[in-house]
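Working notes, structure below.
FYI, it's all coordinate maths here, none of it is from the lab. Quick caveat: nothing in here was measured; it's all calculated off a predicted structure. Neighbour counts run over all protein chains shown; Cβ positions are idealised from the backbone, glycine included.
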Amino acid sequence: SSLFVYPTKIIIKTCGTTQLLKSIRPFIHYACEIGLIITECRYTRGNYIFPKAQPYPHTNFKEEIIYLQDQLPNHLCYRKASVMPSKFTSHSWHVFSASCDKFYSVPISNDLYTVEICMTDLDRVLARKFFKHPDTTGKQMTEITGIGDINSNALICDFAFDPCGYSMNGIDGDRYSTIHVTPEDGFSYASFECVGSIYDDRDDIVKVLKKVVQVFRPGTMSVSITCTSSSEIWSRIVKAVEPLGMKRRSCTVDEFPAAGTVVFQSFTSTRK
Amino acid sequence: MAASGFEGFEKRLELHFSGDDPVIGMGGLRQVDFDSIEEVLHAVQCTVVSAAGNQYFDSYVLSE
């Protein structure tokens, strides 16, 4: 799990359950104490692998939205929740966003986009590298798996869990990236997330995605791109991963307040 | 839940704030002290296992 704190933005991403929703009120409270007011909320997630393990009072998306609506102040009046489907019931994308009215609105930087990747059915040989030996460190996992090469400019903060599992945060100037891995056979999972700009070199995101796919070689992968400006970033995703043996199976597009356009694509490996 | 305690697919929350320029110039949310952040994370049932930062933002790897 990861937390990023910017001067006017907080991103928290947790495995496990929906407990992170409990952070909304305290974060708003501490922000208010230093003179900041909330202007936007985005909540995204994939599917539950173990839906019955989710804790009350948010055990499904409908309940999560009710809880979110209750936590947010009234001035975040533009709200939308949607489940973006894919060809696979195990890979649908749940999105909620809320933004404020004009009185509180602030200029939004619209050149940045967020890429969220969920990968399941990881290559077994590659997944084994995320099992911890007694003397294994997060840094060693970063090196032997090739994760360190995804963005060689990034400062990497990594952690190897016992007996298995891995998390890392990458810091490259004002941009973050993060990876979380659950390697156990039968429910292996890895995620990758980063931010980019539509003004970056067109090949930058392509190179990153290629390296990510090569590190995990997933059987199934979904890629969500969130961008406030119209761009063709989503098409670069296809060009990046299809030459690596991933075939696109579905693509869904939707619009959300403040978040902008979300393009959700799913892929499967042709290796099986 | 899986035997490892992991539920794979993450949940992601992003909150944006605005305020006066001097507040933001002084670090904005980065002024919130670490004890307060730990208190929030306690409610979320996470703890910080690794931390780093630069001039732009603070980064925490969390348990779970």
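Regarding the range A:1-120, what whole-number volume in Å³ per residue does the convex hull of its Cα atoms give?
Given the Cα convex hull of the range A:1-120, per-residue volume reads 128 Å³.
With only Lys, Arg, Asp and Glu charged, each at its Cβ (+1 for the first two, -1 for the last two), find how big the charge dipole of chain B is about the Cα centre; round to the nearest 20 debye.
Rounded to the nearest 20 debye, it is 180 debye.
Percent of Cα-Cα pairs per 10 Å bin, from 0 to the last occupied bin, for chain B, please list those.
For chain B, the pair-distance distribution reads 16, 44, 29, 9, 2.
More than 18 Å apart: what percent of Cα pairs in the range A:38-86 qualify?
Distances greater than 18 Å cover 36 percent of the Cα pairs.
Just want the answer: with Cβ charges of +1 for Lys and Arg and -1 for Asp and Glu, which residue in A:Y67, A:V95, A:C118 is farthest toward the dipole's positive end in the range A:1-141?
In the range A:1-141, that residue is A:C118.
Could you check the simple spin-label distance between A:S235 and A:N110, using points 7 Å along Cα→Cβ, in nm with one decimal?
2.0 nm
Skipping prolines and chain starts, which residues have an amide H placed within reach, meaning under 5 Å, of the one on A:T8, given they are 5 or more residues away or on another chain?
B:L29
Which entries in A:K22/A:K52; A:K80/A:K207; A:K9/A:K129; A:K22/A:K210; A:K80/B:K11 show an alpha-carbon gap greater than 25 Å?
Listed pairs above 25 Å: A:K80/A:K207; A:K9/A:K129; A:K22/A:K210.
Relative to the Cα centre, what is the charge dipole magnitude of the protein assembly as shown, using +1 at the beta carbon of each Lys and Arg, -1 at the beta carbon of each Asp and Glu, and rounding to the nearest 20 debye?
Rounded to the nearest 20 debye, it is 1360 debye.
As a check on your grasp of the helix formula, calculate [θ] at 222 nm for chain B: sum -39500 (n - 2.57) over DSSP H runs of n ≥ 4, divide by the residue count, round to the nearest 500.
Helices in chain B give a 222 nm mean residue ellipticity of -6500 deg cm²/dmol.
Roughly speaking, what is the stretch gain from A:D185 to A:R271, that is 0.36 nm per residue apart minus the C-alpha to C-alpha distance, in nm to one decimal?
Gain on stretching A:D185 to A:R271: 29.2 nm.
Give me the mean projected area, in nm² to one decimal, of the convex hull enclosing the Cα positions of the protein assembly as shown.
15.6 nm²
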